[in-house]
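Read through the structure below, which is laid out as structure tokens, and then see the notes.
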Amino acid sequence: MRTAATVAQRPRTPWLQHAVALGAAVQTARVARRLRAVESAIAAQDRTRRALVARLAGTTFGRETGVLRGLTYAGWQARVAPRAYEDFVPWIERMKRGEADVLWPGRCAHYAVSSGTTAGRTKYLPVTRDMLAHFRRTGLDSLCYYARRTGGARVFRGRHLFLGGSTVLAPIEEARPFRAWGGDLSGIAALNLPGWVERHLYEPGRDIAQLADWPAKLRAIAARTAQRDITLVAGIPSWLLVLAEELAAQTGKPTLRAIWPRLECLVHGGVPLGPFASELRTAVGEGVNFHEVYPASEGFIAAQDDEPAAGLRLMADAGIFYEFLPLARFDETRLAELGRETVPLAGVETGVDYVLLMTTPAGLCRYVIGDVVRFISTSPARLVYAGRTRLQLSAFGEHVIEKELTDALTAVAVERGLTVANFHVAPRFIDTRSGEKRGRHEWWIELKSPMPRAADAAALAIALDGQLQRRNDDYEAKRKGGGLEAPTVRLAAPGTFERWLRERGKWGGQNKMPRCRSDRVIADELEWLHP
């Protein structure tokens, strides 16, 4: 029986918030019907390809590359070569200067500025009106996936806090006299939210969202939202932890759930949750569901629609056409020759690592975004992010990917009760001067728990070696065949990785730490920072 005290304790929800939740429930029901029709994903991808081809045929890019209306998939493979970002730069430069119908019909005034997680030039990815429509739809659909699997649209009855980059866009000077703007994709998306989302759901509000100073932004977010009715919080795991620390410092309350009693959903993406999972669950508190998404600056790719072990559901009906190139056949230096090696969604197999190609309503055609994915199931189409094509560790032919390294470290951390702040893995090459006769892996690991003794670091290396051998046959063969020595572990001093990120302007927002490389560029820089 409800008592007066019970009613008084229950947070009040304005009728407009109820209306939003009701509308979300209707949309969730529509999404649920689409998800139940698992065989429709392949048909949706075929419709998407044909629609994109029809639009691309009228562009400069389409005419120069032989894209014709009604082009079959076999013709598509034969005529249009896969391309990396660098291959699109001449066309993007023309778009930035206001030329119409270059990669996509019309002009494009907004560009997502991204450097990814690898070294190299800054990318300017066009964000057309059709791309903005894609992001709006998939953002809502991903939350409907959550509402469907948890059995209700309660999450829409409170505010949603998105921990993203600054919404301040910088004018692109070389575009003048055309007015073009560049900035973080999350900032561009926040500036183009539907009105009802901005009024009834979005936090931290426009003023705070503009801030570029990350520590100041976190303080302002904490101060604004501590007394708000937050039901959902979203961001990259490492930055969510930093926000939780700031909120705890300001409020004196130990968990996000203690601060926001109706918090029920934490949306995470961008990097594998991996070694952050345990600490993040502690910081959030009991009773909060985790919801994983797979967004990129090029498009919103997948979202969780079931238990975490099932993988993420490919968003096959949201305007992007996906192709998959087996990683074993991938060679960045001969992309133009690999057009016939790809398969559409209908041709994928489980357990195979694929390089992801996307054709988007921004005109990026058969674009190799640099991600590697692995399908958990094909009906429905669910996958996991496995790493980056340029962030593999194969200096000695071991072909280790980011996911395997992350999973190995996660298993060791859980087994030993360790809390990992950050990590990076690099090769250590043969060096006769130091007595290194064979190569090995060098793990740089920063822990939040007290630093173990050197003997403990050696024990960690043994455990990581065993975990990685269980996950990667090539690594196991190299280790047992004598082609690769046992790894070593370097325990970095607290703050080492933060200093590395800050010095490169990558502290906060959507920035991520590269987990591995086949060279020592990052490892040597970490060594220089390490006291």
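When Ala328, Ala362, Ala316 are checked against the criterion of being in contact (Cβ under 8 Å) with a residue 12 or more places away in the chain, part of a helix (DSSP H, G or I) and either touching a strand residue (DSSP E or B) at 6+ places or on another chain (Cβ under 7 Å) or surrounded by fewer than 18 Cβ atoms within 10 Å (Cβ to Cβ) (or both), a single residue qualifies: Ala328.
Is at least one residue of the stretch 261-270 free of Cβ contacts under 8 Å to residues at least 12 places away in the same chain and not in a loop (DSSP other than H, G, I, E, B)? There is no residue in the stretch 261-270 that is free of Cβ contacts under 8 Å to residues at least 12 places away in the same chain and not in a loop (DSSP other than H, G, I, E, B). Could you tell me whether any residue of the stretch 233-251 is surrounded by fewer than 18 Cβ atoms within 10 Å (Cβ to Cβ) and either more than 30 Å from Phe423 (Cα to Cα) or polar (S, T, N, Q) (or both)? Within the stretch 233-251, one or more residues are surrounded by fewer than 18 Cβ atoms within 10 Å (Cβ to Cβ) and either more than 30 Å from Phe423 (Cα to Cα) or polar (S, T, N, Q) (or both).
Of the residues in the stretch 88-115, how many are modelled with pLDDT under 95, touching a Leu at 6+ places or on another chain (Cβ under 9 Å) and either in a loop (DSSP other than H, G, I, E, B) or surrounded by fewer than 16 Cβ atoms within 10 Å (Cβ to Cβ) (or both)? So the answer is 0.
Just one of (1) of a type in the set (D, E, K, R); (2) more than 22 Å from Asp184 (Cβ to Cβ); (3) buried (at least 20 other Cβ atoms within 10 Å of the Cβ); (4) in contact with a Gly (Cβ under 7 Å, 6 or more places away or on another chain) fails for Arg257. It is (3).
Taking Glu498, is it touching a helix residue (DSSP H, G or I) at 6+ places or on another chain (Cβ under 7 Å) and not in a loop (DSSP other than H, G, I, E, B)? Spelling it out, it is not the case that Glu498 is touching a helix residue (DSSP H, G or I) at 6+ places or on another chain (Cβ under 7 Å) and not in a loop (DSSP other than H, G, I, E, B).
Summed over the stretch 467-482, the residues that are loosely packed, with under 14 Cβ neighbours inside 10 Å and of a type outside the set (D, E, K, R) give a count of 2. Helices (runs of 4 or more DSSP H) fully within the stretch 150-220 that include at least 2 residues being within 22 Å of the chain's Cα centre (by Cα) and within 21 Å of Leu241 (Cα to Cα): 185-191.
So in the stretch 515-530, with the set limited to residues that are under 25 Å from the mean Cα position of the chain (by Cα) and surrounded by fewer than 15 Cβ atoms within 10 Å (Cβ to Cβ), which one is farthest from Glu446 (Cα to Cα)? Ranking the candidates gives Asp519 first. Here Ile259 does not qualify as out of contact with any helix residue (DSSP H, G or I) (no Cβ under 6 Å at 6 or more places or on another chain) and hydrophobic (A, V, I, L, M, F, W, C).
The values are calculated or read from the model by the stated rules, or taken from the named source; none is laboratory data. Note that this is a predicted model, so its numbers are computed, not measured. Heads up, the Cβs are rebuilt from the backbone with ideal geometry, glycines too, and the neighbour counts pull from every protein chain shown.
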